[in-house]
Structures are given as C-alpha cells and as structure tokens.
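Below is one structure, written out as structure tokens; comments come after it.
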Amino acid sequence: MEARFVILHPDDPAEILLATPLIRCIRTQVEGALVYSAVKKEHLWLLSSNPFLEELFVYQEKPDELLEDLRNFLPDYLIDLDGSRITRRLKGQLKVLDFTINRLNFWEPWSQRAFKTGKLFDVTDDGKGSQLIAAPLDTELLPSDFLDGYLILSLDNAGKSKRLLTDEQIIELAVLTEKPIVVTGNSGDRDLANRIGQASGCAVFPTCGDLTYSQIGSLLSHARGSIVFNAFWDQVAAALGKETFFITENSTLSDRKDIALWARSLFNIQP
C-alpha cells in the first residue's frame with residue numbers, strides 16, 4: 001500500500017543536503033513509500049535530480065504558499081525538518097499527521113535529529129552519506145580552454161571575518177598549483193580573485209559575485225577537485241564524490257606545496 005511522505009525543508013542549503021540520506025532511506029526502507037519534498041526555489045538545484053523523490057513542491061519565499069497545492073495533494077505524512085512558526089501554521093491548516101525535528105538538542109548532530117522523524121517507520125541511516133546528482137555543465141559559464149579540466153578555488157568563507165590563509169598565502173597556493181583555476185566566492189572576494197589571476201602563471205577565471213549557488217554547483221560537479229574554506233562547499237563536493245581539500249583550523253598549512261601537489265595530482269586521473 002502506498003504512503004505519501006512530504007518533507008518540509010528549512011531555508012538552509014546545508015541542511016537540505018544533509019536531508020538527502022533521510023529521503024533515500026524513507027524511500028528504500030518503508031514499503032510503498034513515495035517521497036516528495038517542499039523546497040524554496042533558490043535551493044531547487046540540491047534536489048531536482050534526486051532519484052528517490054517523486055516530485056518537488058516549490059515555493060518562492062515562504063512554505064505556506066503551498067497550502068492549496070498540499071491540500072489538493074493529500075499527503076499521508078509530513079516530515080517537518082524546519083520546525084518554524086510558518087511550518088507549524090501550515091501543518092495546522094493541513095491537519096496531516098506530522099513528525100517534526102527537534103531543534104533544541106544542539107548536542108546531537110542535525111542529521112541524527114532528522115532521522116528521528118522517521119522513527120515510527122523504523123527508518124535508520126544507511127551510512128551512505130549525502131547525495132547530489134551532477135547537473136550537466138553549462139559550457140557558457142567557462143572559457144573554452146577550461147573545458148579540458150580545471151580546479152575550483154572557493155573563497156567563500158561563510159561570513160567569517162578572516163580566512164585561515166592570508167591573501168598572500170592563497171595567491172602563493174594558486175601560483176604553485178600551475179593548473180587552470182576557477183575562483184568562486186562572493187562579490188567581496190572579487191579583488192582577491194583578480195589578484196590571483198594577475199600573480200599566477202596558469203589560467204585563472206574569476207567568477208566571484210557573478211554566479212548563483214546552482215551555477216557554482218554545476219561547475220563543481222565537473223571540476224577535477226576543489227579547495228574550499230566553507231563547510232557547505234565541502235559537503236557539496238563530498239555529495240558529488242569530488243576530491244576536495246577543506247582548509248580548517250585542523251589543516252596542516254605550513255607548506256602550501258603539499259596542497260598544490262595534491263591539486264596537480266588530480267589532473268593525472270582521467271575524469
């Protein structure tokens with residue numbers, strides 16, 4: 001017998017990506033389960049190719065825009081991974097049996113709390129991690145000479161005041177890499193991206209402030225690998241099965257040559 005689950009996602013791309021194991025496990029572990037997701041349009045790229053979803057309900061600003069669509073759809077269960085006042089109001093009007101993530105147990109990893117919403121159905125984490133299907137590469141985003149292979153250098157620092165490498169160290173790292181580099185990040189990173197291009201002897205394509213998250217995801221999908229300062233892009237790379245060097249406080253950064261050698265080695269592997 002079919003059971004239709006609708007997952008209400010938060011307005012947080014990292015948490016949407018972390019929810020993909022739950023989507024997969026409900027679909028594969030609950031007999032007759034059909035899984036649907038409700039997601040904000042700007043985060044659609046994280047779920048649009050997910051093979052375990054039947055359909056997506058997409059809203060522009062707030063999930064209560066979907067009230068009539070969900071009323072007509074008549075889901076059997078709601079999995080609320082947001083737990084906000086807006087979703088509580090939406091659930092109250094739908095009157096469907098729902099299971100809500102506990103937002104208060106901060107000592108528990110978010111993914112563990114998400115899986116507890118499926119406890120009634122004996123859904124358990126399969127340990128396979130997050131899942132993101134590579135989108136086709138939009139070749140218009142890149143110069144033609146980058147299509148044979150490139151590395152992503154993401155300057156996005158998730159709002160932190162400073163990166164763990166100085167600008168000069170980042171420039172040195174790019175120079176040592178000696179491979180085509182697409183530099184991504186926010187508009188405020190554009191000056192550094194331009195300086196990397198000026199200093200480096202290899203091809204550097206600065207895109208900071210020009211691309212949406214979806215477009216950056218598309219470029220990352222087809223890169224040889226990435227160097228990132230942001231946990232979200234590390235998660236995206238892992239979900240895509242891409243090699244990445246995530247520069248954190250625990251990274252060994254004294255010799256940028258080691259990171260550059262690792263990056264160059266990625267070009268010795270056939271894509």
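The values are calculated or read from the model by the stated rules, or taken from the named source; none is laboratory data. If you're wondering where the values come from, they're calculated on a predicted model, not measured in any experiment. Methodologically, a virtual Cβ is constructed for each residue, glycine included, from the backbone with ideal geometry; neighbour enumeration extends over all protein chains shown.
What the table below lists for this structure:
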| quantity | calculated |
| --- | --- |
| Selection within segment 169-190 - without any contact (Cβ under 8 Å) to a residue 24 or more places away in the chain and closer than 18 Å to ALA203 by Cα | ARG190 |
| Of residues in segment 92-112 being charged (D, E, K, R) and modelled with pLDDT under 95, the one nearest to LEU81 (Cα to Cα) | ARG103 |
| Tally of residues being more than 23 Å from LEU44 (Cβ to Cβ) and either without any contact (Cβ under 8 Å) to a residue 40 or more places away in the chain or of a type in the set (Gly, Ala, Ser) (or both) across segment 119-138 | 3 |
| For GLU168: the one exception among (1) modelled with pLDDT under 95; (2) of a type outside the set (Ser, Thr, Tyr); (3) out of contact with any Phe, Trp or Tyr (no Cβ under 8 Å at 6 or more places or on another chain); (4) under 17 Å from ASN230 (Cα atoms) | (4) |
| Which numbered condition SER187 misses (of (1) touching a strand residue (DSSP E or B) at 6+ places or on another chain (Cβ under 6 Å); (2) surrounded by fewer than 19 Cβ atoms within 10 Å (Cβ to Cβ)) | (1) |
| So ALA223, is it in a loop (DSSP other than H, G, I, E, B), touching a residue at least 12 places away in the same chain (Cβ under 8 Å) and buried (at least 21 other Cβ atoms within 10 Å of the Cβ) | yes |
| Pairs, first within 11 Å of LEU94 (Cβ to Cβ) and in contact (Cβ under 8 Å) with a residue 60 or more places away in the chain in segment 59-74, second of a type outside the set (Lys, Arg) and part of a helix (DSSP H, G or I), C-beta under 6 Å, six or more apart | LEU70/LEU94 |
| Per-region count, segment 226-248, residues part of a strand (DSSP E or B) and under 12 Å from the mean Cα position of the chain (by Cα) | 0 |
| Any strands (runs of 3 or more DSSP E) falling wholly within segment 16-121 and containing at least 1 residues that are exposed (fewer than 15 other Cβ atoms within 10 Å of the Cβ) | 55-59 |
| Filter result for the condition that a residue is in the same structural domain as SER154 (by TED's automatic domain parsing), crowded, with 22+ Cβ neighbours inside 10 Å and either out of contact with any Cys (no Cβ under 7 Å at 6 or more places or on another chain) or under 22 Å from GLY149 (Cβ atoms) (or both), over ALA203, ALA199, ALA237 | ALA237 |
